[in-house]
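First up is the structure itself, then whatever we jot down about it.
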Amino acid sequence: MNSTLTPSMHDGELEPKGGAAGLAPEVKDRISATLSKMVPEWLAEPAADWKRVPRPTGVGGFSINVEAYQGVQSWISFRKKHVGTADLDLLDKLVREQQPELLGYVCHNSGSQLIQDCFALCSCLSREVALRIPEHSSIEAAIFSVISDLEKILTKRTGEREILTVLTGLKLPEGVERIDLDNGLYIRLLTADEIADLGSNDITSESRYDLTSRFVTAAVISETPISVWLTKTYENFVPDHSDAQNSQEQIGRILSALHIVKSGRVGVLASFTKIRPAILPNMSGHSSAPLVVNPFSFMELTHEDVARFVGLYKALAVTQRDELNIAAARLLDAESRMSPIDALLDAVIGLEALLNPNDRSELSFRVALNYAYLAPASERRPRYENVRDVQLSRNRVVHGGLNLRSKDAQLLHEHAELAKVCLRDAVARFLTDESLTGSRKLDADFWLDRVLPPMVEE
């Protein structure tokens, strides 16, 4: 029996090798001439569609406007004017003779898509030219910019994947517009126009991302170099989504680090992926959103918080302790819960993951004692009592002795908050205290050395 294996694609493995030619001179001239005609006509195309646009009017305030824009109806009208014209037919014949890959497939590690025909090619280029006109001195300069990028794709076969993840609830300090975290990874303020664009939708469809009921001012940006190439025929490969997975892990660490810095709630509204330069089909990207978006999110950072956040993020990114990652994730879960019962359980699980040396005997005593010995002697007794108390409430919850209708239900709220404070403190100490950092296993011997330091021979 014959079988065909479908290769898994990784950047640099399946794209064409060797020196690649740019645009053929005659093809380049003809495309330039076609765009010189199509771009002004696209700019003059009446806006035949309508969309709802939420425009920020201040902190947490929006005005909802219905505005005309060039959408599907405008594109259909524009297409009718150009498909089958002599200019596009001549260009189609020339491209198929001299550079057929321009009507083939746009490929990158997320998959491939057929360009289809000359109208599809030139309409994508025209719309990108229209977007770039404000940045250039003339339409001709914007056309030159777009064609130069097309040549770079043909010759260098490189592009950039941008993932913009909109955060809910995060307020940056006055004067801070960007926080750099790693190569190609940063948090920045969104402009009013970006917020309006992200939250807008055609009036014939429902809004996918409701910004107006949430506090949205900032986003995480991830920029990664990727391979992009054109091919005449379809290449069968399994898309590689490792970049998307890496991005989700980075977002998880960012949210965890923020919640280690201080109490509050920051979540994700949606992520928008785009391949730059977005000049061809299959490069304009897609969007995704978590199944649950936290309501009532808010966390205001100070300048001191920002410096501490960056340090905590970098420490989380390199830690080799699974217990620390689990504890940080549980703190994030606890801060996201609406129910104090769920928050209490999440926070205590995080404390147990970090402070119990995989030994179930006398669990509550060990966790409380180990937490106490993270601090100097003068602080240990109250620390021990704090963790002992939250564990007592946790045990009453799981065994049915404490709930929101109990006479002492207030303990749930108090101990849920206290558990998060203790967990935040423990995770932060493991990330910043030199006596706790490293990759040593958090077993019984580790904690024994904290409680009874080994004797040093003279």
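The values are calculated or read from the model by the stated rules, or taken from the named source; none is laboratory data. Since we're looking at a predicted model, the values are computed, not measured. No Cβ is skipped: glycine too gets one built from the backbone with ideal geometry, and neighbour counts run over all protein chains shown. Calculation scope for accessible area: heavy atoms of the full protein, side chains included, ligands and nucleic acids excluded. Shrake-Rupley method; radii C 1.70, N 1.55, O 1.52, S 1.80 Å.
Where in the range 362-403 does the label zone of PHE296 land, with the point 7 angstrom along Cα→C-beta and an amide N cut-off under 15 Å? Within reach of a label on PHE296: no residues. Per residue, the chain exposes an accessible area of 51 Å² to a 1.4 Å probe, with every protein chain left in place. Diffusion coefficient of the range 360-419 by Stokes-Einstein, Kirkwood radius over Cα pairs, 4 °C, 1.567 mPa s: 106 µm²/s. Taking the average, over residues, of other Cβ atoms within 10 Å as the packing measure, peptides 154-167, 379-392 rank 154-167, 379-392 from highest down. Any idea what log10 I(q)/I(0) is at q = 0.09, 0.13, 0.21 Å⁻¹ for the range 112-233, Debye with uniform C-alpha scatterers and no solvent? Per q value, in the given order, log10 I(q)/I(0) is -0.39, -0.81, -1.23.
Note down the Stokes-Einstein diffusion coefficient of the chain in µm²/s, whole number, using a Kirkwood radius over alpha carbon pairs, 4 °C, and 1.567 mPa s. It diffuses with D of about 50 µm²/s by this estimate.
With only the Cα atoms considered, the range 419-458 has a convex hull volume of 99 Å³ per residue. Treating r as the C-beta distance of THR204 and LEU43 and R0 as 22 Å, the FRET efficiency rounds to 0.35. Computed from the C-alpha gyration tensor, the three semi-axes of the ellipsoid equivalent to the range 279-426 are 32, 21, 16 Å, from longest to shortest.
Computed from backbone phi with θ = phi - 60° and the Karplus coefficients 6.51, -1.76 and 1.60, the 3J(HN,Hα) list for the range 216-227 is 10, 9, 9, 8, 8, 10, 10, 10, 10, x, 9, 8 Hz; x is used for glycine and proline. Per the Debye formula on identical point scatterers at the alpha carbon atoms of the range 259-323, with no solvent, log10 I(q)/I(0) at q = 0.19 Å⁻¹ is -0.94. The three principal axes of the C-alpha atoms in the range 141-186 carry coordinate ranges of 42, 23, 17 Å, sorted with the longest axis first. Which one, HIS415, SER36, THR155, projects farthest toward the positive side of the charge dipole computed for the chain from Cβ point charges (K/R +1, D/E -1)? Positive-end residue among those listed: HIS415. Volume per residue of the convex hull around the Cα atoms, evaluated for the range 352-458, comes out as 114 Å³. Evaluated at q = 0.09, 0.18, 0.19, 0.21 Å⁻¹, a Debye calculation over the C-alpha positions of the range 210-357 (equal weights, vacuum) places log10 I(q)/I(0) at -0.38, -1.19, -1.28, -1.45.
Beyond 17 Å, the tail of the calculated P(r) for the range 35-118 holds 67 percent of the Cα pairs. If you model the range 90-140 as an ellipsoid using its alpha carbon gyration tensor, with each semi-axis the square root of five times an eigenvalue, the axes come out at 24, 17, 8 Å, biggest first. Whole-Hz Karplus values for the range 126-132 come out as 5, 5, 5, 4, 4, 5, 8 Hz, taken residue by residue from phi with 6.51 cos²θ - 1.76 cosθ + 1.60 and θ = phi - 60°; glycine and proline positions read x.
Evaluating 6.51 cos²θ - 1.76 cosθ + 1.60 at θ = phi - 60° for every residue in the range 303-308, the Karplus couplings come out as 4, 5, 4, 4, 4, 5 Hz, glycine and proline recorded as x. Under a 5 Å amide H cut-off, with hydrogens placed 1.01 Å from N, ILE115 pairs with GLY104, TYR105, VAL106 among residues at least 5 apart or on other chains.
List the pairs from LYS274/LYS420; LYS37/LYS274; LYS171/LYS407; LYS51/LYS262; LYS80/LYS156 whose alpha-carbon separation is above 32 Å, in the order I gave them. Those over the limit are LYS274/LYS420; LYS171/LYS407; LYS51/LYS262; LYS80/LYS156.
Filter the trypsin sites (Lys or Arg not before Pro) in the range 173-266 to those in DSSP coil with at most 14 other Cβ atoms within 10 Å of their Cβ, and list the result. Qualifying residues, ordered by number: ARG208, LYS232.
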